[in-house]
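The values are calculated or read from the model by the stated rules, or taken from the named source; none is laboratory data. Just so it is clear, the model here is predicted, and its values are computed rather than measured. Glycine also receives a Cβ, built like all others from the backbone with ideal geometry; neighbour counts cover every protein chain displayed. Areas reflect the complete protein model, heavy atoms only, side chains present, ligands, DNA and RNA absent. Shrake-Rupley method; radii C 1.70, N 1.55, O 1.52, S 1.80 Å.
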Amino acid sequence: MSTRRDFIQKLSLPLMAMPFAASAANELEKSGFTAPKITPSTVADGPVLRVALMGLGGYCNMVAKAIQACPRVKITALVSGTPAKLASWGEKYQVPESSRYNYSTVDQIKDNMEVDAVYIITPNALHKDNAIQIARAGKHVIVEKPMALNAKEGKEMIDYCKKAGVHLLVGYRMHFEPKTLEVVRMRREGEFGKILFFQGLSGFVIGDPKQWRLNKALAGGGSMMDIGIYSINGARYMVGEEPIWVTAQETKTDFVKFKEGVDETIQFQMGFPSGAVASCLSTYALNNLDRFFMDGTKGFAELKPATGYGPIMARTNKGEIEFPHVTHQTVQMDEMAKILLDGKQPIIPMDGEEGLRDLRIVDAIYEAVRTGKKVKV
Ligand code: NAD
């Protein structure tokens, strides 16, 4: 039977041998950085993933609560710029003061042997620098979607994490949702025949005009970065192919709330190598838009809601798919523990490369909006 040490060795050697090109990585090398070895001392000595939460905002709160039901995950550190949050969260989740960091002290997390991974749940524009800082500290990186502002940043993060010998995972919670996985299984086994069409509708009415999601510098765009990315990602795991082209059109009705560079609504189309097409809508202007529909020569699947916090509802031409609701973030975190500690392979990938594929498509969609042309991915 292979031991954890064998696994860790298998894990780190190929990573260290990988070609490494991006500028951030070169900077890392020039700075005299030596990649911390992932040894058993930096990985849980029990079967539990010890996680630091970074951000302590709305979604982080949901993740923290969900982790309380995880047999294999424990919150062992916190990172926030707000001392009051560090104190109250620290008390609530029994994180000692010595494991509470702010953004200036977080480098010290490298010496904290009670932390295996840091889950970055900050505004999109901070993900890249946060991730690089954590990788430099020798901890595995879990980062929320979108993994970065664009593909260039995403690639830098991947290269940096490889160089540092740490894993980079993206918080794609739908990749662990049982009904979604059942549809993917059915499609893989040919139950829907040849897939020719996918529709993805992703939207909600956004509130407070002052929030970071409506600030291009922090969000990187508008609805596409935040919610449209679910339709992009969903099209890929539902159809089971990578798109080769996109076309896109933007519509804006509120020019005060949605400033230059912050998209309110984008309709986009994607073409896949098999000839399948996807027709999608991303919007911050309408509620009741959370639906995936896929049609093939032998059958169809519908997820509605498809990506909300659940329960997800799924039906196919064969009837309803009935599985009990699970808290997405609980399952996601437990599965991430298995990926990081046991080397388990997820059914749908959720590593940095997966996040990068989505960002390449986002970049292409924004280019298609700007140019009005069909853009190759
Ligand atoms: P939020 O505004 O509720 O929380 C963001 C946190 O980051 C706050 O605690 C804030 O204090 C902190 N922060 C640190 N530096 C900041 C800065 N310079 N400016 C503003 N805030 C700063 O946002 P959220 O809804 O928790 O979203 C955080 C991330 O999580 C985003 O990337 C978002 O896309 C992602 N998210 C994912 C899901 C999901 O279902 N996977 C759901 C919601 C949000």
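Numbers for the structure displayed
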read-out: Whole-angstrom gap from region 317-377 to region 162-205, using each part's C-alpha centre; value: 5 Å
read-out: Relative contact order %, the chain, counting alpha carbon pairs below 8 Å whose residues are six or more apart; value: 19 percent
read-out: Shape category assigned to region 226-330 from the gyration tensor of Cα positions, a/c cut at 1.5; value: oblate
read-out: In nm, spacing of pseudo-spin labels at residue 105 and residue 374 (7 Å Cα→C-beta vector); value: 5.7 nm
read-out: Within the chain, helix-based [θ] at 222 nm, where runs of 4 or more DSSP H residues each add -39,500 (n - 2.57), nearest 500; value: -10000 deg cm²/dmol
read-out: Distance in nm between pseudo-label sites at residue 288 and residue 205 (7 Å out along the Cβ direction from Cα); value: 1.1 nm
read-out: Cβ-defined net charge surrounding residue 336, 15 Å radius [Lys, Arg +1; Asp, Glu -1]; value: 0
read-out: Using a Förster distance of 41 Å, the FRET efficiency for residue 279-residue 259 (Cβ separation, nearest 0.05); value: 0.90
read-out: Interatomic Cα distance distribution for the chain, bins of 20 angstrom, percent; value: 28, 58, 13, 0
read-out: Unsatisfied cross-links (Cα-Cα over 24 Å) in the set 128/304; 139/344; 74/304; 152/376; 252/374; 152/374; value: 128/304; 74/304
read-out: Surface accessible to a 1.4 Å probe, per residue, for the residues of the chain, Å²; value: 43 Å²
read-out: Whole-angstrom gap from region 79-124 to region 260-296, using each part's C-alpha centre; value: 37 Å
read-out: Kyte-Doolittle mean at least -0.5 and Cα axial length at least 27 Å: DSSP H helices in the chain; value: 352-371
read-out: Amide H within-cut-off set for residue 191, under 5 Å, with H built and near neighbours excluded; value: none
read-out: Apportionment of accessible area to carbon and sulfur, the chain, percent (1.4 Å); value: 55 percent
read-out: Over 27 Å between alpha carbons, listed pairs 65/338; 179/259; 155/179; value: 179/259; 155/179
